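Trainee: Here you go, one structure.
The values are calculated or read from the model by the stated rules, or taken from the named source; none is laboratory data. On a predicted model such as this, the values are computed, not experimentally measured, just so you know. Counting neighbours? That spans all protein chains shown, and the Cβs are built from the backbone with ideal geometry, glycine included.
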Amino acid sequence: MKKPILILTLSYFLAGCGGGSTEKTDRLVSEEPTKEKSAPVDLCRCLTEPGNTVWSAENKDVCRDAISKELGVENWEKINFSQNPELSKKFDELAERCIGSKEVKTGIDAVDNNSGIVKSIGTSAGYVWESVNQQAQLYTILAFDGIAFRSTAYAMNGQTNSENFTKMIEISGTWKAVSETSVEGVVNQNGVHVSWEFSDDYKTLTNNKGVVFERVKAR
């Protein structure tokens with residue numbers, strides 16, 4: 001069965017790299033022109049600032065342009081990273097320089113914990129998660145990337161080809177690791193808390209409603 005691939009846009013993030021510092025030490029700073037004069041934008045803050053803050057709203061466009069420039073694309077928010085491994089790798093490298101990796105720690109527990117587990121569950125490692133409920137004719141796909149997640153549910157309409165499915169609902173939000181096999185998150189649209197428990201081999205996960213997903217290769 002052909003799987004629908006999610007276009008992952010990391011529009012909302014946990015606060016991580018700090019406030020408004022524009023020093024280049026331990027930061028990625030890109031010079032973005034304004035109408036009056038050139039002003040620096042903090043790429044790390046662009047990647048980690050929650051989407052509902054005043055700073056995020058005021059810098060939405062400049063952050064989009066700065067990240068796009070860093071990746072060498074016109075608009076990074078329109079990139080399907082699961083179908084573009086080269087750009088996905090480039091974005092991961094950018095994110096790791098901001099939010100840390102197993103080798104580079106930020107000192108922010110939630111962010112550093114995510115970087116460890118994402119290699120086993122995330123789209124950057126080529127993984128998405130799917131649930132097929134034949135009885136309810138419901139197909140759901142879930143993806144984790146960095147510190148954002150997105151889930152989309154489709155009505156199967158008695159079909160087996162995903163091209164004939166009908167999208168019902170799509171949600172997105174932020175997530176954080178709470179253990180090596182457990183993560184929790186918050187849905188951006190309504191603030192609802194969600195959680196997922198992974199099997200020890202990371203082949204399956206169960207959400208807080210008891211729905212079981214299987215890990216599949218996105219590419």
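Trainee: Can you tell me which of Ser162, Ser131 is outside the structural domain of Cys46 (by TED's automatic domain parsing) and touching a Pro at 6+ places or on another chain (Cβ under 6 Å)?
Mentor: Residue meeting the stated conditions: Ser162.
For every residue, the table says whether it meets (1) among the charged types (D, E, K, R); (2) in contact with a strand residue (DSSP E or B) (Cβ under 9 Å, 6 or more places away or on another chain); (3) under 19 Å from Gln135 (Cβ atoms).
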| position | (1), (2), (3) |
| --- | --- |
| Glu163 | yes, no, no |
| Ile171 | no, yes, no |
| Ala177 | no, yes, no |
| Asn188 | no, yes, no |
| Phe198 | no, yes, no |
| Thr206 | no, yes, yes |
| Phe213 | no, yes, yes |
| Val216 | no, yes, no |
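Trainee: Okay, moving on. Would you confirm whether any residue within the stretch 139-154 is more than 14 Å from the chain's Cα centre (by Cα) and not in a strand (DSSP E or B)?
Mentor: Checked against the condition, which is being more than 14 Å from the chain's Cα centre (by Cα) and not in a strand (DSSP E or B), the stretch 139-154 yields no hits at all.
Trainee: Which of the residues belonging to the stretch 128-139 are crowded, with 21+ Cβ neighbours inside 10 Å and within 16 Å of Lys203 (Cβ to Cβ)?
Mentor: Those that are crowded, with 21+ Cβ neighbours inside 10 Å and within 16 Å of Lys203 (Cβ to Cβ): Val128, Trp129.
Trainee: Could I ask something else about it? What helices (runs of 4 or more DSSP H) completely inside the stretch 1-96 contain at least 3 residues that are in contact with a helix residue (DSSP H, G or I) (Cβ under 8 Å, 6 or more places away or on another chain) and either at pLDDT 65 or above or small (Gly, Ala, Ser) (or both)?
Mentor: Once the helices (runs of 4 or more DSSP H) in the stretch 1-96 are filtered for at least 3 residues that are in contact with a helix residue (DSSP H, G or I) (Cβ under 8 Å, 6 or more places away or on another chain) and either at pLDDT 65 or above or small (Gly, Ala, Ser) (or both), what remains is 43-48, 60-71.
Trainee: When residues of the stretch 203-219 are filtered for being crowded, with 17+ Cβ neighbours inside 10 Å and closer than 17 Å to Thr123 by Cα, how many remain?
Mentor: Residues flagged as crowded, with 17+ Cβ neighbours inside 10 Å and closer than 17 Å to Thr123 by Cα within the stretch 203-219 amount to 4.
Trainee: Would you check which residues across the stretch 140-172 are surrounded by fewer than 21 Cβ atoms within 10 Å (Cβ to Cβ) and within 24 Å of Phe91 (Cβ to Cβ) and list them?
Mentor: Thr152, Glu170, Ile171
Trainee: Taking the stretch 169-206 on its own, how many of its residues are in contact with a Leu (Cβ under 8 Å, 6 or more places away or on another chain) and either under 30 Å from Thr53 (Cα atoms) or not assigned by TED's automatic domain parsing to the domain that holds Gly146 (or both)?
Mentor: Selection size over the stretch 169-206: 4.
Trainee: For Asp112, state whether it is in the same structural domain as Leu205 (by TED's automatic domain parsing) and modelled with pLDDT under 80.
Mentor: Spelling it out, it is not the case that Asp112 is in the same structural domain as Leu205 (by TED's automatic domain parsing) and modelled with pLDDT under 80.
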